[in-house]
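Here is the structure we will look at, set down as C-alpha cells.
The values are calculated or read from the model by the stated rules, or taken from the named source; none is laboratory data. Keep in mind the model is a prediction, meaning the values are calculated, not measured. Note: ideal-geometry Cβ built from the backbone for every residue, glycine included; neighbour counts use all protein chains shown. When the accessible area is computed, the model is the full protein with side chains, heavy atoms only, and any ligands, DNA or RNA have been set aside. Shrake-Rupley method; radii C 1.70, N 1.55, O 1.52, S 1.80 Å.
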Amino acid sequence: MAHVHTEKIADRERWLSVEPLTKEEVDRGLACCLAQIDANMDAFGTRFPWSATKGLEYPIIDCIEWTDGFWTGLLWLAYEVTGDEKYRDRALENVQSFKHRVENRIELDHHDLGFLYVPSCVAAYRLTGSEDARTAALLAADKLMERWQPKGKFLQAWGPMDSPEHYRFIIDCMLNLPILYFASEETGDTHYRDVSRMHFDTTVNNIIREDGSAFHTFYMNPETGGPDHGATRQGYSDDSAWARGQAWGIYGIPLNMRHLNDRKYLDTWRAMANYFINRLPEDSICYWDLIFGDGSGQSRDSSAAAAAACGFMEVAPMLPVDDPDAPVYAGVTAQMMRSLINSYTSEDHAPLRPILYHGVYSWHSGKGVDEGNIWGDYYFMEALVRSAKSWNPYW
C-alpha cells in the first residue's frame, strides 16, 4: 500500500463552529433543483444537455456524451423526492436511449460507462424494476470490461487498447466501478467485482501522492505493467492538484470501500480529505485547481465541491465513533453545501439554465469555464437528497 502523509487540519475551529444545515436550507436547495429540472424537462424533451452550459445555457444533444447519465439521474432524484410520475416517465424514456446506445455501441470507447449507466439505468432498475434498464446496465458493464488491462491491473481510460501512449487510467474511474459491482451482484459472476478491486488498488496505490494530493492521470509501463509516471490532462500542471480529481478521490474511495466491505484505505482517504480542506478559500468552494486561492483571479469549480460533499457524507458511517475529525468533516460538508445553496444557485429558472453555477469543465481547452455543468447539478442534488432523507445510493 502506498504511503501517504496526512496533513493536520489547519483551522479546526473554523469548521467545528459551523451549524448543521437546517431543514429549511435543504428544502430551499431542493426546491431550486426541482424548479430548474421542470424548466429543463420541457426544453430537452427526450434529448439531453451537453456536458456544460455555453453562456449559461445547455446546448441540447442526443445521447452521445459521457455525461448524459447525470441528467437522467436528476430525474430519478426528483422522482424520489416528490413521487411525481412525470419524472419517472421521462427517465424511463431516457432508459430507451441508453439501451439503444449500448446495443449499438455508440460513443462508448472509453471508461465512463459508470457515469453513464449507474444514475440512469441502475437507478431505474432499483426504483422501478425495469428489465430494459437492467439489460442496458449489464451490457454497459461488459463494455467497460473490454478496457481491462490485465498486465497493469487497470481499466484504460481512453484510446486504442494496443496504444502504448494510452496505457493509463485516471482518478475519475473510481466512480465508474459501481457498474461492475452491480453486474457482479446481478449475475453472481465475481470477475466484475475482482476487476473493480484490482483497478481500485492500482489507482489508490499509484495516483495519490505522498502529500495526499492526486494526479489526474497515471501512466503504466506497457512492457512491465508497472507504474511509470503521473500527469494531468485537466489540472493546471502535472504537479498541481486538480480540484475535481481530488473530489473524485474523496467520493470514490469510500464508495469502493462500501462495496468491498474493506476499510484499509481510510487513512488514504483522510490524507486526501485533509489536503482538500486545507486549501478551501473563504467561501469554502474550491477553485478549479487547489493550487489557486482567493485573489488568484481563477474560476471556482462548484461541481468539485458538490462531489466532495457526497464523499464526506458517504464516509461518515465508516469513521470510528470517537473520531476527532468526524465533527470537522461534518462542518466542512455543511459549510460547502450552505455556500452552494446561498451563492452558487439562481432564482432565474429559465429553460436550459444550470442548477449550479460557477463550475469548470476543462480549463485548458476553454470548455465550460465559469459555467454550469450537468454533473455539478447532479451531485449537488444528490448531496441535498442525502441531507434530506435516508437514501439508497445508485452508486
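Compute, for the chain, the length of the dipole vector about the Cα centre, with Cβ point charges of +1 (Lys, Arg) and -1 (Asp, Glu) only. Units Debye, rounded to 20.
420
Tell me the volume per residue, in Å³, of the convex hull enclosing the alpha carbons of segment 286-328.
Dividing the Cα hull volume of segment 286-328 by its residue count gives 83 Å³.
Give the accessible surface of the chain per residue, rounded to a whole number of Å², with probe radius 1.4 Å and ligands, DNA and RNA excluded.
Solvent-accessible surface per residue comes out at 37 Å².
Could you report the accessible area of Tyr79 in Å², rounded to 10, computed with a 1.4 Å probe on the protein chains as they sit in the structure?
The accessible area comes out at roughly 50 Å².
Hey, any idea what % of the chain's accessible area is carbon plus sulfur with a 1.4 Å probe?
Here carbon and sulfur together make up 47 percent of the probe-accessible area.
Show which lysines lie in cross-link reach of Lys153 when reach means a straight Cα distance below 30 angstrom and same-chain residues fewer than eight apart are skipped.
Lys99, Lys143, Lys264
About its Cα centre, what dipole magnitude does segment 47-120 give when the only charges are +1 on Lys and Arg Cβ and -1 on Asp and Glu Cβ, stated in debye to the nearest 20?
Result for segment 47-120 is approximately 60 debye, rounded to the nearest 20.
Size of the dipole of segment 237-354 about the Cα centre, Lys and Arg at +1 and Asp and Glu at -1 on the beta carbon, nothing else charged, in debye to 20?
So the dipole magnitude of segment 237-354 works out to roughly 280 debye.
Highest first, please rank the peptides 362-375, 163-176, 45-58 by the mean number of other Cβ atoms sitting within 10 Å of their residues.
Packing proxy ranking, top to bottom: 163-176, 362-375, 45-58.
Have a look at Met257, Gly331, Ser299 and report the one farthest towards the positive end of the charge dipole of the chain, computed about the Cα centre with Cβ charges (Lys/Arg +1, Asp/Glu -1).
Value: Met257.
Order Asp68, Asp201, most accessible first, counting only protein heavy atoms with a 1.4 angstrom probe.
Ranked from most to least accessible, the order is Asp201, Asp68.
Return the inverse of the average 1/r over all pairs of distinct C-alpha atoms in segment 241-395, which is the Kirkwood hydrodynamic radius, in Å to one decimal.
15.8
Per-residue HN-Hα couplings for segment 69-79, Karplus 6.51 cos²θ - 1.76 cosθ + 1.60 at θ = phi - 60°, whole Hz, x for Gly and Pro?
Computed from phi, the couplings for segment 69-79 are x, 5, 5, 5, x, 4, 5, 5, 4, 4, 5 Hz.
On a C-alpha basis, how far is the centre of segment 381-395 from the centre of segment 153-222 in Å? Whole number, if you could?
Taking the Cα centre of each part, segment 381-395 and segment 153-222 sit 25 Å apart.
For segment 26-127, compute the orientation-averaged projected area of the C-alpha convex hull (one quarter of its surface), in nm².
6.6
Take the Cα pairs of segment 187-292, get the Kirkwood Rh, then feed it into Stokes-Einstein at 10 °C and 1.306 mPa s and tell me D in µm²/s.
Rounded to a whole number, D works out at 108 µm²/s.
Quick check: the distance between the Cα centres of segment 43-78 and segment 228-295, to the nearest angstrom?
26
Once the cut-off is 36 Å, how many percent of the Cα-Cα pairs in the chain end up in the long-distance tail?
Tail of the P(r) past 36 Å holds 17 percent of the pairs.
Long-range amide H contacts for Asp289: which residues qualify at under 5 Å (H placed 1.01 Å from N, peptide plane, sequence gap of 5 or more or a different chain)?
Ala243
Filter the cross-link list Lys86/Lys389; Lys151/Lys367; Lys23/Lys86 down to pairs whose alpha-carbon distance in this structure exceeds 28 Å.
Lys151/Lys367
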